[in-house]
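Since the structure comes first, as structure tokens, the remarks are kept for the end.
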Amino acid sequence: MSQFSNLPLTPIEQQLKTHAILSTTGFLILLPVGVLVPRYTRTYTNRWFPIHLVVQLCISAPIIFAGWGLGHKSAGQLGLPHFTDPHQKTGLALLILYILQLVLGLGIHWVKIRWVARRPPQNYVHVFLGLVILALAAYQVHYGLYTEWTFATGGLHVVPNSAKHAWRALVVVFWILYGIGLAFLRRQFQQEKQMIGSDDGIPLGSGSTLETRG
């Protein structure tokens, strides 16, 4: 442990800590919650979407953009070139993917297209992209804790083990819960099969029926 670990964090370290907290909260807490809500409730109610929307956009977006902005600002203050190291490149990729995912999700919900198949292809893309974002975010936070912090700050203070344990817990708990939630897929597909050709409610592909989104 650094001999300076008992000293208070420098202003730039405090700023980087805030960046880490905001980014972790957005990508490893809020977004996973937004994923699990429909995974567990969509086969029982068609009211899951407003909750999903509020969590993924209204709550998560300000936190994610604030965290990303602080990271970008800190790199400039440290005199580091932008988007040259793995952490910065991954951060930019995550932000772009997150924005694309929001646009795709909103499009699925509000663009009314009837498909012959049970679920439109863009729904599968939405699911896959969401899981890619969460997996990439887990890697990004790990890299930030284990590598980028020391590189950016010079190792004046070490990352506490509690932060590393929290990362591990968040990642493991989400993927376990998501895996358990896959048990609802059979019920989900049965409901979608029953809705094929039905004129009741919203056309397939809109994302507004009990389960037409990934």
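The values are calculated or read from the model by the stated rules, or taken from the named source; none is laboratory data. On a predicted model such as this, the values are computed, not experimentally measured, just so you know. Don't worry about glycine lacking a Cβ; one is built from the backbone with ideal geometry, like all the others, and counts go over all protein chains shown.
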Residue pairs within 8 Å by beta carbon, gap of at least six or interchain, first lying in the stretch 185-201 and on the phi > 0 side of the Ramachandran plot and modelled with pLDDT under 65, second surrounded by 11 or more Cβ atoms within 10 Å (Cβ to Cβ) and assigned to a loop (DSSP other than H, G, I, E, B), listed first then second, are G201/S208; G201/T209
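Considering only residues of the stretch 39-84 that are charged (D, E, K, R) and part of a helix (DSSP H, G or I), which is modelled with the lowest pLDDT? Break it down into steps so the answer makes sense when it comes.
Taking the stretch 39-84 as the starting set, the residues that turn out to be charged (D, E, K, R) are 39, 42, 47, 73.
Cutting the leftovers down to part of a helix (DSSP H, G or I) gives us 39, 73.
On the way: R39: 95, K73: 98.
Top of the filtered list is R39.
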Being out of contact with any His (no Cβ under 9 Å at 6 or more places or on another chain) and within 21 Å of P11 (Cβ to Cβ) is the filter here, so list the residues in the stretch 55-104 that pass it. Q77, L78, G79, L80, H87
Please determine whether any residue of the stretch 24-38 is without any contact (Cβ under 8 Å) to a residue 12 or more places away in the chain and either assigned to a helix (DSSP H, G or I) or not basic (K, R) (or both). no
Restricting the search to the stretch 165-186, which residues are more than 16 Å from the chain's Cα centre (by Cα) and surrounded by 14 or more Cβ atoms within 10 Å (Cβ to Cβ)? A166, G181, F184
Give V132, V158 a once-over and let me know the one that is of a type in the set (V, I, T), assigned to a loop (DSSP other than H, G, I, E, B) and modelled with pLDDT of 90 or more. V158
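Working carefully through the options I51, I59, I29, I64, find the one that is aliphatic (A, V, I, L, M) and crowded, with 19+ Cβ neighbours inside 10 Å.
Working: I51 fails: crowded, with 19+ Cβ neighbours inside 10 Å; I59 fails: crowded, with 19+ Cβ neighbours inside 10 Å; I29 fails: crowded, with 19+ Cβ neighbours inside 10 Å.
Among I51, I59, I29, I64, only I64 is aliphatic (A, V, I, L, M) and crowded, with 19+ Cβ neighbours inside 10 Å.
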Please verify whether the stretch 115-124 includes one or more residues that are among the basic types (K, R) and in a helix (DSSP H, G or I). no
Conditions (1) more than 21 Å from L30 (Cα to Cα); (2) modelled with pLDDT of 95 or more -> L177 fails only (1)
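Would you confirm, using the coordinates I've provided, whether Q77 is surrounded by fewer than 18 Cβ atoms within 10 Å (Cβ to Cβ), without any contact (Cβ under 8 Å) to a residue 60 or more places away in the chain, more than 21 Å from L129 (Cβ to Cβ) and among the polar types (S, T, N, Q)? Before you say what the answer is, go through the steps one by one.
Working: surrounded by fewer than 18 Cβ atoms within 10 Å (Cβ to Cβ): yes; without any contact (Cβ under 8 Å) to a residue 60 or more places away in the chain: no; more than 21 Å from L129 (Cβ to Cβ): yes; among the polar types (S, T, N, Q): yes.
No, not satisfied.
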If you check every pair at least six apart or on different chains, which have Cβ atoms under 7 Å apart with a residue in the stretch 56-70 that is touching a residue at least 12 places away in the same chain (Cβ under 8 Å) first and a residue that is of a type in the set (V, I, T) second? I63/T25; L70/T18
